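What follows is a set of notes on a single structure, which appears directly below.
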């Protein structure tokens, strides 16, 4: 999959996440993330999306520094581990000190549209030192409000559509979900068109 992503005509960043759950990692998790970064570099992708928390949900700066050193030369996005931090403004300064290109965040809420107030404050506090990328619940019906109210210049969206299983037996056995989701090229095009219009309106 990484090799296929490298053939895309746009820069692709791979998320480095060894397992589901919270973002507190042990030595084995760290080793897996280092290996994934190596695979991303070998495939020629543009960057990685990383994040790590301490048990108190502050950013694990020691681990993040090791990951970033290992990923030197690749673009770096800090992922939504940021949304669990107790002090978002302290974490923002830490992300800047780390040298991250952007912070992917829903403004410490479950979804970006619910976090627009915090997202706006983060964009203002960042002052172009790092990009704030709203994510979570960003779709064709919410993107315009999020961009207008936050001042963000880029967003994260799955642009997905539901796909029903064509094999009821496979679903019954639990081999696949009755309904899954896949990224829709049509939704991507519409989203890009909306974002382009919003950027032109700003100018």
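The values are calculated or read from the model by the stated rules, or taken from the named source; none is laboratory data. Remember, it's a predicted structure, so these values are computed and weren't measured experimentally. No Cβ is skipped: glycine too gets one built from the backbone with ideal geometry, and neighbour counts run over all protein chains shown.
Within segment 1-21, which residues are under 21 Å from residue 104 (Cβ atoms), exposed (fewer than 14 other Cβ atoms within 10 Å of the Cβ) and more than 15 Å from the chain's Cα centre (by Cα)?
The answer is 1, 8, 10, 19, 21.
Among the residues of segment 137-145, are any at pLDDT 95 or above and under 20 Å from residue 93 (Cα atoms)?
no
Does residue 128 satisfy the criteria of being in a helix (DSSP H, G or I), free of Cβ contacts under 8 Å to residues at least 24 places away in the same chain and closer than 25 Å to residue 87 by Cα?
Here the answer is no, as residue 128 does not meet what is asked.
Only one of these is surrounded by 14 or more Cβ atoms within 10 Å (Cβ to Cβ), at pLDDT 95 or above, more than 28 Å from residue 109 (Cβ to Cβ) and in contact with a strand residue (DSSP E or B) (Cβ under 7 Å, 6 or more places away or on another chain): 67, 78, 59, 74. Name it.
Going through 67, 78, 59, 74 in turn, the sole match is 74.
Among what's in segment 91-110 and is surrounded by fewer than 17 Cβ atoms within 10 Å (Cβ to Cβ) and farther than 12 Å from residue 50 by Cα, pick the residue that is nearest to the chain's Cα centre (by Cα).
Of everything passing the filter in segment 91-110, 110 is nearest to the chain's Cα centre (by Cα).
Which members of segment 22-52 meet the condition of being in contact (Cβ under 8 Å) with a residue 60 or more places away in the chain and crowded, with 20+ Cβ neighbours inside 10 Å?
The one that is in contact (Cβ under 8 Å) with a residue 60 or more places away in the chain and crowded, with 20+ Cβ neighbours inside 10 Å: 23.
From the list 182, 186, 197, which one is modelled with pLDDT of 95 or more, at negative phi and either in contact with a strand residue (DSSP E or B) (Cβ under 6 Å, 6 or more places away or on another chain) or in a helix (DSSP H, G or I) (or both)?
On inspection, the qualifying residue turns out to be 186.
What number goes with the only condition from (1) surrounded by 11 or more Cβ atoms within 10 Å (Cβ to Cβ); (2) part of a loop (DSSP other than H, G, I, E, B); (3) modelled with pLDDT of 95 or more that residue 123 does not pass?
Going through the list (1) surrounded by 11 or more Cβ atoms within 10 Å (Cβ to Cβ); (2) part of a loop (DSSP other than H, G, I, E, B); (3) modelled with pLDDT of 95 or more, residue 123 breaks only (2).
Check whether at least one residue in segment 149-170 is touching a residue at least 60 places away in the same chain (Cβ under 8 Å), touching a strand residue (DSSP E or B) at 6+ places or on another chain (Cβ under 8 Å) and surrounded by 19 or more Cβ atoms within 10 Å (Cβ to Cβ), and report yes or no.
no
In segment 127-136, how many are more than 16 Å from residue 76 (Cα to Cα) and surrounded by fewer than 19 Cβ atoms within 10 Å (Cβ to Cβ)?
Matching residues across segment 127-136 total 1.
Give the residues of segment 18-46 that are touching a strand residue (DSSP E or B) at 6+ places or on another chain (Cβ under 8 Å) and assigned to a loop (DSSP other than H, G, I, E, B), sorted by residue number.
Listed by number, the residues that qualify are 22, 23, 24, 45, 46.
Could you list all residues from segment 171-203 that are loosely packed, with under 11 Cβ neighbours inside 10 Å, more than 30 Å from residue 131 (Cβ to Cβ) and either within 25 Å of the chain's Cα centre (by Cα) or in contact (Cβ under 8 Å) with a residue 40 or more places away in the chain (or both)?
179
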